[in-house]
Amino acid sequence: MYLCLGGNLGDVPGAFAEANLLLAGSEGCECTRKSRLYRSAPWGDPDQPDFYNQVVELTWCGAFEELTRLMDEIEQKLGRTRDKTRRWGPRTLDIDILLYGDTAVDQDGFVVPHRELRNRLFALIPLAELAPDIVPPGWNLSVKDAIQATTDTGSVNVVE
């Protein structure tokens, strides 16, 4: 299973480190690997600071709904507020499920893999660092091949 952390307000690397600790300390969750930190221009709403992203590989021994609840709790604990007027607006922390094992999910507003994952280099590139050859459910190509096929032209850079 793979999660993508994103944020562009405050101490984002610090928020990611704290989120990783909170995930690892949660019952039924084991963080096995994480990508490097990446920086990219904002997607969908350009009038804001650049975003940082990181993908985390984990094992999860609970229900899907429990994982989404845990993600919301961690986001809120680390200062996330949702601005319903700016869907892709600035945020301290956002946690998205990129892949839920080999299972496709479409329930309660959650679609995994996300419908636009193929077109979002900010998620594909850090995911490819951990799982370049994985073929997400419903896809006919690997993550590394999706990077080559995407229409996204944004730059995604490793943070040194």
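The values are calculated or read from the model by the stated rules, or taken from the named source; none is laboratory data. Owing to the predicted nature of the structure, the values given are computational and were not obtained by experimental measurement. Methodologically, a virtual Cβ is constructed for each residue, glycine included, from the backbone with ideal geometry; neighbour enumeration extends over all protein chains shown. Accessible surface areas use protein heavy atoms only, side chains included; no ligands, DNA or RNA. Shrake-Rupley method; radii C 1.70, N 1.55, O 1.52, S 1.80 Å.
Tell me, rounded to the nearest percent, the portion of alpha carbon pairs in region 1-119 spaced more than 20 Å apart.
Everything past 20 Å amounts to 40 percent.
When ligands, DNA and RNA are left out and all protein chains stay put, how many square angstrom of accessible area per residue does region 61-116 have with a 1.4 Å probe?
Value returned for region 61-116: 63 Å² of accessible area per residue.
At what distance in angstrom do the alpha carbon centres of region 89-121 and region 142-160 lie from each other?
16
May I ask for log10 I(q)/I(0) of region 52-107 at q = 0.15, 0.18, 0.19 Å⁻¹, from a Debye sum over the Cα atoms as equal point scatterers with solvent left out?
-0.52, -0.74, -0.82
Roughly how compact is region 84-141, stated as its Cα Rg over 2.2 N^0.38 Å to two decimals?
For region 84-141, the normalised Cα radius of gyration is 1.22.
Spin-label point model (7 Å from Cα, Cβ direction): what's the Gln76 to Asn140 distance in nm?
If labels sit at Gln76 and Asn140, their model points lie 4.3 nm apart.
Using only C-alpha atoms and all pairs of different ones, pull out the Kirkwood radius for region 53-160 in Å with one decimal.
About 15.2 Å for region 53-160.
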